[in-house]
Structure formats: structure tokens, C-alpha cells
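Novice: Here it is, the structure in full.
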Amino acid sequence: MDQNIFKKYSEAYGTRFTNKQKAAFRKALIEDFKEIGYSHTLITGKKNLSRAVNLQFGNMKHAKTVIAVPYDTPQHIFWWKSEYYPLDGLTNANKNLIPQFAPIVLLYVILLGLIYGSEGRLNAIGANVMFLLVSFLMVVLFYLMLHGVANRKNYVRNSAGIAAAYEIARGLSKDEQRTTVFLFIDRNKTRHLGAHIAAEDFLKQTRNPNVILFNCFALGSQLQLGYTPQTKKLALELSKLCGEEKLKTVALDDAMRSSSAAEHFVKAIVIAAGEADEKGRLFVKNTATAKDRLIDEANIDRVIQMVSSYLKK
């Protein structure tokens, strides 16, 4: 893996949470891809109050394979434990309810305690101070519920995936570039708006390519491939290209695909790594926390080698 590229997108552009941060990232990535011969397209879409901006390199007209990477970074979780399930959207949504909302509920309880505990005990000055404090906490509470706070370290989720995609793109010939698209997806939370508008764009262009999703493969003892019913053959083919040790392939049912980017693509493969929980489900530790600053380069190099070999066949 190119250390300069990884450092650039894990440090200088490692937080991609606000619109300004995302725009700066897109500008930098456009410049890097331009140097290796790729043109770019911005694909935007809205739903309710949310807006997503996807960044695409290559032309969908001739694309057989799309390498898709979530590029926005998660909000910080103020909790003692973080477990992200990259192959199981439903489990991931259920497991993260408490880490995501418990601190907000706790803040609300503290707020109520301040209000009722001070009732009738304060003079005019104290009441004014309390009013200002409660008002400030209400604003903080409202902000956390709607927006959250940026997580500052995001090596595994998904800066390493961005660096790996760039390295794969740089190694392709002109003919291989012609049939491969690199898609960097925005808004990878809850309903995955970026993946949704990407799938809509495929339909508009009457294209149904294989989509290889990079989702947290940079750390973990188990590297796995999740596949949809239409991509089982592709998953087995990729597994054989990953050196002497074949990767475990996992069939993604409708529940596992729900609340994930894979839900929106008919022909999807998800590449992920982590550890197995007590039920054998793959999970990744410490994403969306300050601890997401460790990677295993061997994992990244295996993915680069595997996907590059497939694209060059």
C-alpha cells in the first residue's frame, strides 16, 4: 500500500463529516485520479432534508465492475464499546441503538434533574443562570440528535478503503480502466442515501454492473466476502484469487442487506474484515471512536491484490 496516499486520506483528509470537509476531500481525490488518467462525475441526490454527493471516476457506459467505497466518516460514539457489523445491516442497526442514543437520553435525564431539582430553591439571579444553562443543554441535545459530532480517527472506516481503491485504479491499463468505475459513496448512515442515488443512476443508464463494496477490511483476523444471490459465483472467483488461503464467503439475506449500502445494489459483493462474535457474525471493534487508528497492512495488500487480479483477467 502506498503510505503517502494512505497518510493523506487518513490524516489530512481523514475526517469527512461536514459538507466543507467532504468537499475538500473530493477536490483532493479528483486531483489524484486526474493524474492517473481518470475523469470524474459528481452524482447528487436529495431525500427529505438530506443531500448526498457521490464521486464517480470512469464511464458507466462501458463499466462491467464498480468498486464502491463509503467516503463519509461516522459520528463519534460516546460509549464504552463500539461494534460495527459490516456484513449485517440489521444486527448493526440493533447493536448501535444504545451506543448512539443512550448518551443523549442520559443528557436529557440530567437536564430534567436540573430543572426539577432547582425548582423553588433559586433566587432571581440563580434562576436566570439556570435558564441559560438549560437552554444551552437543550441546544446541545437537539444538535446531537440531528447531527452528531465528527469522529476524528477513521483508519478502518473507511480511509484505508479509499487508499486501496486508488492503488487499484493506478495499476489498471487503459482497457481495464475503460470497464471499471470507482464510486465513492456519501451518506452511509441509516438509509444509505448515497448508495440509493447511485443505484438510481444505474437504472437511468440501463446498467447493472457487479458492485464490489469496500467496508472495513483494514483490521481483523477474518477477511470475508458477503454476496447477494446474484453474485455467489463472483464471490467464489474472488476468493480463489486471494492467495493460497481462500476467503470465507457469506450469503447475505434480506435482513443482513437491510440498512446497508448492499441493500441498494442487485449484484453486490461486500469485502470486510474483523472478528467473529458468539454467533459467528463478523464485527469490527472501535470504529466511530478515537481508537480507530490501527490497520493491518497485510489485509489491505490482500484486498488490493485480489481485486486487481480480478479486474485484469
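Novice: So which of ALA251, ALA235, ALA262, ALA276 is open to solvent by less than 20 Å² (accessible area, probe 1.4 Å), at negative phi, without any contact (Cβ under 8 Å) to a residue 60 or more places away in the chain and not β-branched (Val, Ile, Thr)?
Specialist: None of the other options fit; the residue is ALA235.
Novice: Just the residues that are over 18 Å from the mean Cα position of the chain (by Cα) and over 22 Å from ILE77 (Cβ atoms), please, taken from the stretch 256-278.
Specialist: Selection gives VAL266, LYS267.
Novice: Could you tell me which residue of the stretch 68-97 is nearest to ALA169 (Cα to Cα), considering only residues that are of a type in the set (A, V, I, L, M, F, W, C) and touching a Leu at 6+ places or on another chain (Cβ under 7 Å)?
Specialist: Ranking the qualifying residues of the stretch 68-97, first place goes to ALA68.
Novice: Could I ask something else about it? Assess whether TYR155 counts as being in contact with a Leu (Cβ under 7 Å, 6 or more places away or on another chain) and closer than 18 Å to ASP72 by Cα.
Specialist: yes
Novice: Still on this model: If we scan the stretch 223-233, do we find a residue that is touching a Cys at 6+ places or on another chain (Cβ under 9 Å) and over 30 Å from LEU111 (Cβ atoms)?
Specialist: Yes, the stretch 223-233 contains a residue that is touching a Cys at 6+ places or on another chain (Cβ under 9 Å) and over 30 Å from LEU111 (Cβ atoms).
Novice: Can you tell me which residue is farthest from GLU275 (Cα to Cα) among those in the stretch 223-232 that are in contact (Cβ under 8 Å) with a residue 40 or more places away in the chain and open to solvent by 10 Å² or more (accessible area, probe 1.4 Å)?
Specialist: Restricting to residues being in contact (Cβ under 8 Å) with a residue 40 or more places away in the chain and open to solvent by 10 Å² or more (accessible area, probe 1.4 Å), the top hit is TYR227.
Novice: In the stretch 69-87, what count of residues is obtained for those that are more than 24 Å from ASN54 (Cβ to Cβ) and open to solvent by less than 30 Å² (accessible area, probe 1.4 Å)?
Specialist: Within the stretch 69-87, residues that are more than 24 Å from ASN54 (Cβ to Cβ) and open to solvent by less than 30 Å² (accessible area, probe 1.4 Å) number 2.
Novice: Just the residues that are open to solvent by less than 50 Å² (accessible area, probe 1.4 Å) and either polar (S, T, N, Q) or in contact with a helix residue (DSSP H, G or I) (Cβ under 8 Å, 6 or more places away or on another chain) (or both), please, taken from the stretch 22-46.
Specialist: Across the stretch 22-46, the qualifying residues are PHE25, ALA28, LEU29, ASP32, PHE33, ILE36, GLY37, TYR38, ILE43, GLY45.
Novice: So which residues in the stretch 73-132 are among the acidic types (Asp, Glu), under 24 Å from LYS153 (Cα atoms) and part of a loop (DSSP other than H, G, I, E, B)?
Specialist: Correct list: ASP88 only.
The values are calculated or read from the model by the stated rules, or taken from the named source; none is laboratory data. Just so it is clear, the model here is predicted, and its values are computed rather than measured. Every residue, glycine as well, gets a Cβ built from its backbone with ideal geometry; the counts of neighbours run over all protein chains shown. Ligands, DNA and RNA are excluded from the accessible area calculation, which covers all protein heavy atoms including side chains. Shrake-Rupley method; radii C 1.70, N 1.55, O 1.52, S 1.80 Å.
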